[in-house]
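Below is one structure, written out as structure tokens; comments come after it.
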Amino acid sequence: MMDLLEKLYQMTAIQQLFESPETLLMILIAFFLLYLGIKKQYEPLLLVPISFGMLLANFPGGQMGVVKVDETLTLYQIASQYGIMNFVYYSLIKTGFLPPIIFLGVGALTDFGPMLRNLRLAFFGAAAQIGIFTVLISAVAFGFTLKEASALGIIGGADGPTAIYTTIKLAPHLLGPIAIAAYSYMALVPVIIPFVVRLTTTKKELLINMKEQDKLFPSTSPIKDLQTLKIIFPIAVGTVVSILVPSSVPLLGMLLFGNLVKEIGVSTGRLSKAASDTILNAATIFLGLAVGATMTSKAFLNVETIMIIVGGFIAFAISIAGGIFAVKGYNLFSKKKINPLIGATGLSAVPMASRVANDIALKHDSNNHLLQYAMASNISGVIGSAVAAGVLISFLG
Amino acid sequence: MMDLLEKLYQMTAIQQLFESPETLLMILIAFFLLYLGIKKQYEPLLLVPISFGMLLANFPGGQMGVVKVDETLTLYQIASQYGIMNFVYYSLIKTGFLPPIIFLGVGALTDFGPMLRNLRLAFFGAAAQIGIFTVLISAVAFGFTLKEASALGIIGGADGPTAIYTTIKLAPHLLGPIAIAAYSYMALVPVIIPFVVRLTTTKKELLINMKEQDKLFPSTSPIKDLQTLKIIFPIAVGTVVSILVPSSVPLLGMLLFGNLVKEIGVSTGRLSKAASDTILNAATIFLGLAVGATMTSKAFLNVETIMIIVGGFIAFAISIAGGIFAVKGYNLFSKKKINPLIGATGLSAVPMASRVANDIALKHDSNNHLLQYAMASNISGVIGSAVAAGVLISFLG
Amino acid sequence: MMDLLEKLYQMTAIQQLFESPETLLMILIAFFLLYLGIKKQYEPLLLVPISFGMLLANFPGGQMGVVKVDETLTLYQIASQYGIMNFVYYSLIKTGFLPPIIFLGVGALTDFGPMLRNLRLAFFGAAAQIGIFTVLISAVAFGFTLKEASALGIIGGADGPTAIYTTIKLAPHLLGPIAIAAYSYMALVPVIIPFVVRLTTTKKELLINMKEQDKLFPSTSPIKDLQTLKIIFPIAVGTVVSILVPSSVPLLGMLLFGNLVKEIGVSTGRLSKAASDTILNAATIFLGLAVGATMTSKAFLNVETIMIIVGGFIAFAISIAGGIFAVKGYNLFSKKKINPLIGATGLSAVPMASRVANDIALKHDSNNHLLQYAMASNISGVIGSAVAAGVLISFLG
Amino acid sequence: MVIGMITVFTVLFLVYLTGNLLIRFVNRISSGNSENNLPDHHISGDKIAVITAAVEGITNGKASITTIQKQ
Amino acid sequence: MVIGMITVFTVLFLVYLTGNLLIRFVNRISSGNSENNLPDHHISGDKIAVITAAVEGITNGKASITTIQKQ
Amino acid sequence: MVIGMITVFTVLFLVYLTGNLLIRFVNRISSGNSENNLPDHHISGDKIAVITAAVEGITNGKASITTIQKQ
Ligand code: NA
Ligand code: NA
Ligand code: NA
């Protein structure tokens, strides 16, 4: 009887809670992230699954935490020996499968219209990737390997799936903290963008009214048939990107395919709905839970994580500033001025960044609606960071 | 020509029907189960796929029956050599993947409200698991191994996914008959519960009116903010269970996660819909077909199957009686009486058990609506059997 | 710096475009197929994913093209070493998994009602498979292996999933061109059927009015309870097929199961919706992209492809003619005449063939509505080609 | 080839046979009154309308009906 | 067996305990005003009705609303 | 780093170029009449506008239509 109770006690995770109090810390962190996701509405679609997966992962016996496995094992053996969460992780995440799948869905929810109407602004989606490479270099100085540094830097791309895909390819052991940092800062965009804008812009600049500028300097080639244009555009861009940065195709190719089936309309409506609804949502659940499951105390509680949290913020801030200063530079040489907020949204973090920028503009001039312009650089920022990821993967992967 | 016709004949399954007439028996059983599922509406969502999978499984050449394979083969090799049904079985079922996925969906369809309003009643969800362990022991006496006996006993948990998950982990060779028994008896709840209730209760007991008892002895702590409570509850319970019975987390963790995303509301509505709709339904199809595919004549037509059918019924009956007697015991010491039907629903088999209990109560007193109370012990019965499964798996797995 | 730019250049696919101009040709073909799918509305649900997958597949570095891999690798290793598209191909396509899954969805969208009302017409769904076997033999004469010839011939079955499934089992290296041919000709049915009909029928025959024939020679056994009949029919047919051609069960079994859950109604509505909506659409996306990904210039630009394109057309034409002449033969001996268009629709290509036949009939006599009759042979044509596929697989597989 | 066509015809002949037998069989067992035996699976449109309206009214749209199942 | 039942009872006892503590805790932190803190997620039913009507009216029932999302 | 930013700028410059060329190209090939060539799958823009307006009006922009499907 006594040793039955002993066995009973062994079955529980109580022992482990005493032996390794850091587990308790992990649980508290999970609670905190759940609070941010549920109550503060920080990217709940990902923070909730991630933090719940993290909560379940930190008790052994349940086999809900991701562990290192002999990579010659079959998926069936992984499931039998290490449980369903490792099965999900090694079949859907570490294979790099889910991020492109999520991009497929994102593409079916994206509208390139605003970008096509203001193509010039696409450049600021390039400028706002500067944070990626700046932090990459600094991180190496701080002792990260080049691969780790790239994964850290990519947080500055402000794009969840891109950050996760790059990390899987270059530094999978950092997946947890990098995913958390990426999504947390994306959720904090309403705080970070105003902060950087305040530091880098003047009231006068923020008053630049894009609509009036357009009236003063009208576009040379108005779009006559947007519908057809929107159908051909993803095909053309897909071709260009495939030629220049093939390594970014798993991400951008899926994004553009999702967008294509959406723009074609009813005749491919079934595919568009599947991509943006059933596939995207199911993928989000498994991605979230499995990413959370990588955050066991051993993998999470170390100085690297703190450096990632800090470095990620810096990358974010630099990217925003990069976009803003690119606009300032442009305004020096162009008669047709651009509002620096359009640079800030080059960061991506679609569409929240654009909404935030629009709110700031309206606060300074209640007639200055620049949402459509912000969306242009905002969407190109997604392409920008995916391209940056492709470069890093093909150079270091 | 002649031997071409010979080859043609070999292609068909006619030969085999003559050689092994038991195949015919299996086909008849499949027809009978289809009849129960379609005409008698016995759990059609599972009985129909199971029995159709069984029908297809019993003809060789189609490779639609589950066979024993060398478990070092890759899933790709299994598919190429043994066909798609073994691919589904070894990737989704024997890995233990689908039952937790189904619990994820069940969670997104579950409402813990009634249980939170009557927490006391949760205990009867524990008492009504007694059938599991009673039958476990008897089964060992009948020559089953401990693992087989546990898988058989778990039928008394009256919860399909739990029974399947436990069987996969402890005695996969019994998966077919145990799944059939579990779902058939769950479908027979409207017959079994009244039968046991008649044997174990008096009219006077069945007249106990829960609503009046509540008026006589009002609850000490009324719930002020149910919405917030429902969000925190699954998180808290998930933590408690993870600490005490980690081995039940693959099931309960998923259940509670599904419930959490449902209770959070619109901000995670996409996840809740995916869990309770697209994922749950797709999982049900593949689970049903693959479970049915395990029921080849060789695997099904033996004395063990008959013992499982019998033992499963006994486990069910004892569980119901266990819940009822727990209530009787409680009533001996408490002034605030409980209707024994609330004990019977501790069985789980949500929500049918509660409906049946409610009907019985109304038959004795047309004002005695106890559905909400029955749901309380009913839902806790799900937790109870999942915990029992966890204990068995961690002790014997 | 210089060799950094060198590396940068190496990263792009420009080099390869110069070295292998055939890549450019593949891109142009992809564009052409996209044009057919989007603008000409040729089976857009499959032609668009196939051609986009083909576009992405023809640039290396993106790893979006299907390659030959060591088949002892685990799926995880395939993904890590060859990218996500090979992961999809080797887990979902080459395993033969998706075509039956698509048949599951097709079944849930199929109505056997018209066929049950005119069972005689089912025979023409057999006659119209003659093109499969005629082309099979001719192809062998042209130097194809028996397996390759069968895969080519099956194009004459005018059924996409059947063609893909057969090709996977018998000649996977021809998957791309055969899939393209199959779906293109199915899309061209509005051109091919009128063409063959003009060559093989007289105006007088086309004027045969089925409705009037039915009035003259009424059916002996009118259906009293169609609903029950429709539920039992798929079960019975499933049994018959399982006994006679087990190797066609992965396709027909799934088709009939999908149809069963649809006909049962609300009690299995969740399964029917999952099969015909979420599962079917997701499967279509992955099937299309992966099939397209097999069409790399190396695999596609060869004489075999041209022979497949030509042979596929011949198979189509012969199948249609076969159905028509079967009707002519029938009319010689029967007083109750049949419109030869009913033979043409035996081809399958549901439901477009029936619509085309109906239009032709109406052009000759604006009161001659034969859609319901055409659907009868049309649907049986699906069964016919699946059976033919089963025979070929079990004889040569 | 011959084999193939033989099989295809045989199978579709059996499908034809099965169909005819089933029609006779079903006609016998359920002489039109099967609807009554069978649980009627279909809920009339207006009923659905009423139900939906009811629910949304009662719950101020906090609840909506996704599926209506007979039991 | 004993072990099993002990565990089941222990866990459900703790569920009971957790539930009661949470009820007290939640009652304290959010005295009924939590609705206000939380962003209101729900669109009232009659609004949905109006929207749907509008759409079907305008498009002669050729279109229907499949999802309505808050922004 | 330099390499990275060069590439990012190059690609987005080409996206810009592609976009502009496409706009000119599309403007030339389909001078507004493309709707007629294409099988009209689309519910005319103004109808959508009306619907959307209706919805946002009614729900104070709390709701938006994500998809409108023909039936
Ligand atoms: Na970005
Ligand atoms: Na239970
Ligand atoms: Na056919």
Quiz item: residue B:284 fails exactly one of the following numbered conditions: (1) away from chain A (no Cβ under 14 Å); (2) of a type outside the set (D, E, K, R); (3) farther than 30 Å from residue A:61 by Cα. What is the number of that condition?
Solution: (3)
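Yes or no, residue by residue, for (1) within 13 Å of residue A:205 (Cβ to Cβ); (2) touching a residue at least 60 places away in the same chain (Cβ under 8 Å):
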site: A:334; (1), (2): no, no
site: A:341; (1), (2): yes, yes
site: A:347; (1), (2): no, yes
site: A:353; (1), (2): no, yes
site: A:358; (1), (2): no, no
site: A:361; (1), (2): yes, yes
site: A:364; (1), (2): yes, yes
site: A:370; (1), (2): yes, yes
Quiz item: When you scan region A:138-162, how many residues do you find that are in contact with a Ser or Thr (Cβ under 8 Å, 6 or more places away or on another chain) and closer than 22 Å to residue C:83 by Cα?
Solution: 5
Quiz item: What helices (runs of 4 or more DSSP H), lying completely within region A:84-142, carry at least 1 residues that are in contact (Cβ under 8 Å) with a residue 24 or more places away in the chain and within 14 Å of chain C (Cβ to nearest Cβ)?
Solution: A:98-109, A:130-141
Quiz prompt | Residues that are among the hydroxyl-bearing types (Ser, Thr, Tyr) and at pLDDT 95 or above, drawn from region A:279-295 | solution = A:284
Self-check item: Residue among A:274, A:290 that alone is without any contact (Cβ under 8 Å) to a residue 60 or more places away in the chain, within 14 Å of chain B (Cβ to nearest Cβ) and crowded, with 24+ Cβ neighbours inside 10 Å
Solution: A:274
Self-check item: Candidates A:345, A:296 - the one that is away from ligand 1 (no atom under 16 Å from the Cβ) and buried (at least 21 other Cβ atoms within 10 Å of the Cβ)
Solution: A:296
Practice problem: Any chance you could count how many residues in region A:58-81 are closer than 21 Å to residue B:393 by Cβ, more than 10 Å from chain B (Cβ to nearest Cβ) and more than 29 Å from the chain's Cα centre (by Cα)? | Solution: 1
Quiz item: Do we have any residue at all in region C:239-247 that's without any contact (Cβ under 8 Å) to a residue 24 or more places away in the chain, surrounded by fewer than 23 Cβ atoms within 10 Å (Cβ to Cβ), among the hydroxyl-bearing types (Ser, Thr, Tyr) and within 29 Å of residue C:272 (Cβ to Cβ)?
Solution: yes
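Take the residues of region C:25-45 that are at pLDDT below 90 and more than 9 Å from chain A (Cβ to nearest Cβ): which is surrounded by the most Cβ atoms within 10 Å (Cβ to Cβ)?
Our first condition is that a residue be at pLDDT below 90; within region C:25-45, this holds for C:40-43.
The next check asks that each one be more than 9 Å from chain A (Cβ to nearest Cβ); those that pass are C:40, C:42-43.
Working: C:40: 13, C:42: 21, C:43: 24.
Residue satisfying both the conditions and the ranking: C:43.
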Quiz prompt | Scan of region C:335-356 for residues that are more than 16 Å from ligand 3 (Cβ to nearest atom) and in contact with a Ser or Thr (Cβ under 6 Å, 6 or more places away or on another chain), ordered by number | solution = C:340
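Name the one entry in B:60, B:100, B:114 that is modelled with pLDDT of 95 or more and away from ligand 1 (no atom under 16 Å from the Cβ).
Working: B:60 fails: modelled with pLDDT of 95 or more; B:114 fails: modelled with pLDDT of 95 or more.
Among B:60, B:100, B:114, only B:100 is modelled with pLDDT of 95 or more and away from ligand 1 (no atom under 16 Å from the Cβ).
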Exercise. Output yes when any residue across region A:384-395 is within 14 Å of chain C (Cβ to nearest Cβ), away from ligand 1 (no atom under 16 Å from the Cβ) and either within 27 Å of residue A:249 (Cα to Cα) or at pLDDT 95 or above (or both), and no when none is.
Key: yes
Quiz item: What are the pairs, 6+ residues apart or on separate chains, where a residue within region B:143-165 that is within 16 Å of ligand 2 (Cβ to nearest atom) has its Cβ under 9 Å from a residue that is of a type in the set (S, T, N, Q) and in a loop (DSSP other than H, G, I, E, B)?
Solution: B:156/B:129; B:157/B:129; B:157/B:348; B:158/B:348; B:159/B:348; B:162/B:348
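Would you check which residues across region A:124-138 are buried (at least 24 other Cβ atoms within 10 Å of the Cβ) and either over 13 Å from residue F:5 (Cα atoms) or more than 12 Å from ligand 1 (Cβ to nearest atom) (or both) and list them? Even if it seems obvious, please write down each step before you answer.
Pass one, region A:124-138, residues buried (at least 24 other Cβ atoms within 10 Å of the Cβ): A:124-133, A:135-136.
Listed by number, the residues that qualify are A:133, A:135, A:136.
The values are calculated or read from the model by the stated rules, or taken from the named source; none is laboratory data. None of the values given here were measured: they were computed from a predicted structure. Because the Cβ atoms are built from the backbone with ideal geometry, glycine has one as well, and the counts that use them run over all protein chains shown.
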